[in-house]
Amino acid sequence: MSEMTYRDALNLALKEEMRRDPRVITFGEDVALYEGSFKVTRGLLAEFGEDRVRDSPISENTIAGVAIGAAMGGMRPVAELMTINFALLAMDQLINHMAKVRYMFGGQVFLPMVVRMPSGGGSQLAAQHSQSLETYFMHCPGMRIAYPATPADAKGLLKTAIRDDNPVVFIEHEILYNSKGEVPEDPEFLVPFGVCNVMREGTDVTIVGYGRMAVLSLMAAAELEKEGISCEVIDLRTLNPLDEATFLKSAARTGRAVVVEECWRTAGLGADIACRIFENCFDRLLAPVKRVSGLDVPMPYSRKLEKLCIPSVAGIVEAVREVMAASY
Amino acid sequence: MPQEILATFNVRRLSILDPDGNVDEALMPELPDAELRRMYEMMVLLRTYDNRALALQREGRLGTYPPSFGQEAAQIGSAFALKPTDWVFPSFREVGIHLTLGYPIAQLYQYWAGDERGQRGPDHLNIFPFCVSVGTHLPHAVGAALAARYRKDPVAVAVFFGDGATSKGDFHEAFNMAGALNAPVVFVCQNNQWAISIPVREQTAAATLAQKAFGYGFEGIQVDGNDVLAVYRGVKEALDRARDGGGPTFVECLTYRMADHTTADDAARYRPPEEVASWRERDPLLRLERFLARRGLWDEAYRNQVQEQVQQTVDAGVRAMEEIPPPERSDLFTYTAAAPTPRQAAQLEES
């Protein structure tokens, strides 16, 4: 184990997998000489050369499309879209092709590819550069979606994504890039898809989060412990496949649940999680499930207003208190 | 300071065989008589396959079908230019390539009957499945070409599309990236002059589609798309260049869609009959017949023999297609991913 940032953990995962398998290549806007807009591809060009680490023109749809073609052509491409916001330009390739190629071609063609995309708000980048669009991808069958919350998961999930024979949308939180944590050095350290991380065990209430929301939930749990409330914090890790068994079992045991989502509340993924808990644990629930969500507005540019739109530790603490006070 | 001319471009048009069957010997590609006859046989096969598809569709045995009538030379000429190791990304109106490469006819009909398992091509054919979404497979071809180059595999990738696709963003992005990264890809446009009801003159203000390539740093050439020899030569030269590291080329095959866009369309509502009639005189099959006859390679007896043989091949394909059992319920999720998600597994159980 060694302590490193989420960014360095992603970088290490890329390096290890590129060393392990010559079919792994990476490309995108500014990934080679510039080493990535968030420096996740640092050192890759120097180590692996321009055949495997390539800058591309500003053509998001074709970055995704070229990754699809390269995967069809026997590579295991890792494409970088500068942020999830620009993935909207690539949605036709991602939804109409990447997610459907295996199905429409009768299983003959499969796409062992990863599309990495930094995501999330909180850096005062305004409405078009701060979005949390994970639900858009989660709605569509045919792809895997990983969203690490910790440096260890950043490494382990990205390595699993690269080795997976399914197309993977890999979402990274921009604010987490500098977060630090212990990361196993073992080059065979993998975090499996479809297995939640129980970040903290507890008995009174289950908090379900993902990405930065899982990190905030853990901080809220520490606050709530001072009030004598024992929170179980569950990080989904992958949005598809979704390990509902773990959070359903937890919610059935604690009888109370709070779901934290960074995306907009309307039709957000938290609604799906809450619904699963209602559908499966209704008779075990002591109070209605509560959701903490992003506000249904375009992200404000103003720092003050932006803060109001993104779930916070205080907001999660408040939601848990309300769930604890409520009953049927 | 006087103004300078920084760049000028010449758009070439290649034509070898005229409508009367006369050939420009200087440009005539080296093709043995047997190959010239096989080109003819494949064009007859395509037309017969096509007519049968229309009949099957009217009988409710196929779904919506896009006919190739009039575009046989553009398809067969391109297919003959390919090496077996090259890769093909077709759109949905190039079954002549499938037929020439030996793709099972039963599977082509199976697909158009609504069974996606028809897309699972024989392993020895480097042909990707149909792309029905207009122009969206151009980036895939660029990616596959880059992958081939990375693997040091000296092949070319050919991607086929229609004139309508040249208005898509994918066309721009894929052309630009192919040029910037020197991808071994050949873009082949069957400019049949109609994107459903939109004529090519309303699709673009450019005098030719071929000239668009120059803006991306590589050559575009227009070939007479109803001249199988010109198509063959134009596409072959482009493929050779791509294999030799010369980068991409755009080949515009100027042809004409003699039929409706699909069986769901009625082109008589928007196309002047004189225009259609004028192209009937430039029929690519008739042109090749005349040429072969001049060379002593074609007569009525040969034509009858080819038609009979092709009819039997197509009949056998239809019979084989109808013997394929429909997919099973369990196939619902089989191909969505390497393994089903827990929810998919549960949905299959419940369905």
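Overview of values
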read-out: Tally of residues being under 17 Å from the mean Cα position of the chain (by Cα), within 19 Å of B:THR313 (Cβ to Cβ) and not aliphatic (A, V, I, L, M) across the range B:110-127; value: 3
read-out: Check on A:ALA146, surrounded by 24 or more Cβ atoms within 10 Å (Cβ to Cβ), within 16 Å of the chain's Cα centre (by Cα) and more than 12 Å from A:ASN240 (Cβ to Cβ); value: no
read-out: Among residues of the range A:310-328, those that are assigned to a helix (DSSP H, G or I), within 25 Å of A:GLN124 (Cβ to Cβ) and out of contact with any strand residue (DSSP E or B) (no Cβ under 6 Å at 6 or more places or on another chain), counted; value: 4
read-out: From B:ALA147, B:ALA156, residue being under 24 Å from A:LEU89 (Cα atoms) and modelled with pLDDT of 95 or more; value: B:ALA147
read-out: Residue within the range A:172-184 that is of a type in the set (Ser, Thr, Tyr) and more than 17 Å from A:VAL313 (Cα to Cα) present; value: yes
read-out: Matching residues, the range A:77-96, being within 11 Å of chain B (Cβ to nearest Cβ) and closer than 28 Å to A:LEU44 by Cα; value: A:PRO77, A:ALA79, A:LEU89, A:ALA90, A:GLN93
read-out: Residue match in the range B:234-253 (condition: touching a His at 6+ places or on another chain (Cβ under 8 Å) and in contact (Cβ under 8 Å) with a residue 40 or more places away in the chain); value: no
read-out: Matching residues, the range A:218-256, being in contact with a Cys (Cβ under 8 Å, 6 or more places away or on another chain) and not in a loop (DSSP other than H, G, I, E, B); value: A:ALA220, A:ALA221, A:LEU224, A:GLU225, A:ILE234, A:ASP235, A:THR246, A:PHE247, A:LEU248, A:ALA251, A:ALA252
read-out: Subset of the range A:260-292 that is of a type in the set (Gly, Ala, Ser) and buried (at least 19 other Cβ atoms within 10 Å of the Cβ) - its residue that is farthest from the chain's Cα centre (by Cα); value: A:ALA274
read-out: Residue count, the range B:297-351 (criterion: outside any helix (DSSP H, G or I) and among the hydrophobic types (A, V, I, L, M, F, W, C)); value: 7
read-out: Failed criterion for A:ILE25 (all others in (1) over 21 Å from B:GLY169 (Cβ atoms); (2) facing chain B (nearest Cβ under 9 Å); (3) more than 24 Å from the chain's Cα centre (by Cα) hold); value: (3)
read-out: All positions within the range B:294-351 that are of a type in the set (S, T, N, Q) and touching a strand residue (DSSP E or B) at 6+ places or on another chain (Cβ under 9 Å); value: B:THR341
read-out: Within the range A:171-186, considering residues that are aliphatic (A, V, I, L, M) and part of a strand (DSSP E or B), the one farthest from A:GLY120 (Cα to Cα); value: A:VAL183
read-out: Residues located in the range A:99-131, provided they are within 14 Å of chain B (Cβ to nearest Cβ) and among the polar types (S, T, N, Q); value: A:GLN108
read-out: Qualifying residue in the range B:83-90 (condition: within 21 Å of B:VAL188 (Cα to Cα), away from every other protein chain (no Cβ under 14 Å) and modelled with pLDDT of 95 or more); value: yes
read-out: Residue check for B:ALA106: farther than 23 Å from B:ASP163 by Cα, surrounded by 15 or more Cβ atoms within 10 Å (Cβ to Cβ) and out of contact with any strand residue (DSSP E or B) (no Cβ under 8 Å at 6 or more places or on another chain); value: yes
read-out: Matching residues in the range A:164-208 - criterion: being touching a helix residue (DSSP H, G or I) at 6+ places or on another chain (Cβ under 7 Å) and among the acidic types (Asp, Glu); value: A:GLU172, A:GLU182, A:ASP204
read-out: Residue in the range B:45-57 that is acidic (Asp, Glu) and more than 16 Å from the chain's Cα centre (by Cα) present; value: no
read-out: Those helices (runs of 4 or more DSSP H) lying entirely in the range B:128-238 with at least 2 residues within 14 Å of chain A (Cβ to nearest Cβ) and either more than 15 Å from the chain's Cα centre (by Cα) or under 29 Å from B:ASP265 (Cα atoms) (or both); value: B:138-150, B:169-180
read-out: Evaluation of B:TYR216 against (1) out of contact with any helix residue (DSSP H, G or I) (no Cβ under 6 Å at 6 or more places or on another chain); (2) surrounded by fewer than 21 Cβ atoms within 10 Å (Cβ to Cβ) (one fails), failing number; value: (1)
read-out: Answer from B:GLU219, B:GLU202 - the residue that is on the phi < 0 side of the Ramachandran plot, at pLDDT 95 or above and of a type in the set (D, E, K, R); value: B:GLU219
read-out: Residue check for B:GLY162: within 21 Å of B:ALA210 (Cβ to Cβ) and either of a type in the set (D, E, K, R) or in contact (Cβ under 8 Å) with a residue 60 or more places away in the chain (or both); value: yes
read-out: The range B:239-258: number of residues that are in a loop (DSSP other than H, G, I, E, B) and surrounded by fewer than 22 Cβ atoms within 10 Å (Cβ to Cβ); value: 5
read-out: Qualifying residues in the range A:162-184 (those that are over 12 Å from the mean Cα position of the chain (by Cα) and of a type in the set (A, V, I, L, M, F, W, C)) - the one surrounded by the fewest Cβ atoms within 10 Å (Cβ to Cβ); value: A:ILE175
read-out: Qualifying residue in the range A:208-216 (condition: touching a Lys or Arg at 6+ places or on another chain (Cβ under 9 Å) and in the same structural domain as A:GLY294 (by TED's automatic domain parsing)); value: yes
read-out: The range A:49-69 - residue that is in contact with a strand residue (DSSP E or B) (Cβ under 8 Å, 6 or more places away or on another chain) and of a type outside the set (Gly, Ala, Ser) and, of those, farthest from the other protein chains (Cβ to nearest Cβ); value: A:VAL53
read-out: Only listed residue being of a type outside the set (Phe, Trp, Tyr), surrounded by fewer than 24 Cβ atoms within 10 Å (Cβ to Cβ), under 19 Å from the mean Cα position of the chain (by Cα) and assigned to a strand (DSSP E or B), chosen from A:VAL208, A:VAL198, A:VAL215; value: A:VAL198
read-out: Only one of B:TYR111, B:TYR150 that is among the hydroxyl-bearing types (Ser, Thr, Tyr), out of contact with any Cys (no Cβ under 6 Å at 6 or more places or on another chain) and surrounded by 21 or more Cβ atoms within 10 Å (Cβ to Cβ); value: B:TYR111
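The values are calculated or read from the model by the stated rules, or taken from the named source; none is laboratory data. These numbers come from a predicted model, not from an experiment. Cβ atoms come from the backbone with ideal geometry, glycine included; neighbour counts cover every protein chain shown.
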